[in-house]
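The values are calculated or read from the model by the stated rules, or taken from the named source; none is laboratory data. These numbers come from a predicted model, not from an experiment. Note that we place each Cβ from the backbone using ideal geometry, even for glycine, and neighbour counts take in every protein chain shown. To get the accessible areas, we keep the full protein, side chains included, count just its heavy atoms, and leave off ligands, DNA and RNA. Shrake-Rupley method; radii C 1.70, N 1.55, O 1.52, S 1.80 Å.
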Amino acid sequence: MIRVLSLFMIFVLSCSTPSDTQDKIISKVISVKELHALIKSKEGLQLIDVRTNREYKSGHLSGAVLMDYYQPDFKSKLSKLDKNKPVAVYCAVGGRSNSALKMLKSLGFNEAYDLAGGIRAWQREKLPIEK
């Protein structure tokens with residue numbers, strides 16, 4: 001009986017999966033300082049500006065790619081990003097980028113960040129933008 005029980009336990013333990021993969025997903029709102037550090041340290045960071053073309057042309061973070069939140073293909077464009085590389089999104093003050101963060105999470109991205117306060121918070125810290 002003990003032998004059968006031992007075999008059963010080995011079977012159960014070998015068939016169980018590691019902790020839920022949701023535990024490994026990072027999806028959070030970060031500060032300007034945190035994004036600044038992330039840009040410097042994360043190789044392959046996908047930096048996405050979710051504002052309009054006009055807003056983007058008025059100034060954006062260096063290396064940011066424009067994906068207009070209001071365009072009908074926005075979610076489709078997000079889904080084409082590499083899910084295994086970190087993604088950081090920002091907008092003017094944080095509304096659109098927070099919605100984009102939720103989309104990234106629902107699309108299965110492993111590591112996604114939203115800049116709290118958007119580009120305006122970035123500018124208040126006197127950090128550089130490109131035009």
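A few comments on the model shown:
- Scanning segment 58-73 for residues that are closer than 15 Å to Ser99 by Cβ and surrounded by 16 or more Cβ atoms within 10 Å (Cβ to Cβ) returns Met67, Asp68, Tyr69.
- Selection count, segment 46-73, where residues are touching a residue at least 24 places away in the same chain (Cβ under 8 Å) and of a type in the set (D, E, K, R): 4
- Condition check for Leu107: hydrophobic (A, V, I, L, M, F, W, C), open to solvent by 40 Å² or more (accessible area, probe 1.4 Å), touching a helix residue (DSSP H, G or I) at 6+ places or on another chain (Cβ under 8 Å) and farther than 18 Å from Ile30 by Cβ: yes
- Conditions (1) under 14 Å from the mean Cα position of the chain (by Cα); (2) of a type in the set (Gly, Ala, Ser); (3) at pLDDT 95 or above; number of the one not met by Gly44: (3)
- Looking across segment 16-31 at every residue that is within 21 Å of Ser106 (Cα to Cα) and at pLDDT 85 or above, the one that is least open to solvent (accessible area, probe 1.4 Å) is identified as Ile30.
- Residues (surrounded by 12 or more Cβ atoms within 10 Å (Cβ to Cβ) and small (Gly, Ala, Ser)) located in segment 32-57: Ala37
- Across segment 79-99, the number of residues qualifying as over 15 Å from Leu61 (Cα atoms) and touching a Lys or Arg at 6+ places or on another chain (Cβ under 9 Å) comes to 3.
- Cβ pairs under 8 Å, 6+ apart, first in segment 93-107 and without any contact (Cβ under 8 Å) to a residue 24 or more places away in the chain, second of a type in the set (A, V, I, L, M) and assigned to a helix (DSSP H, G or I): none
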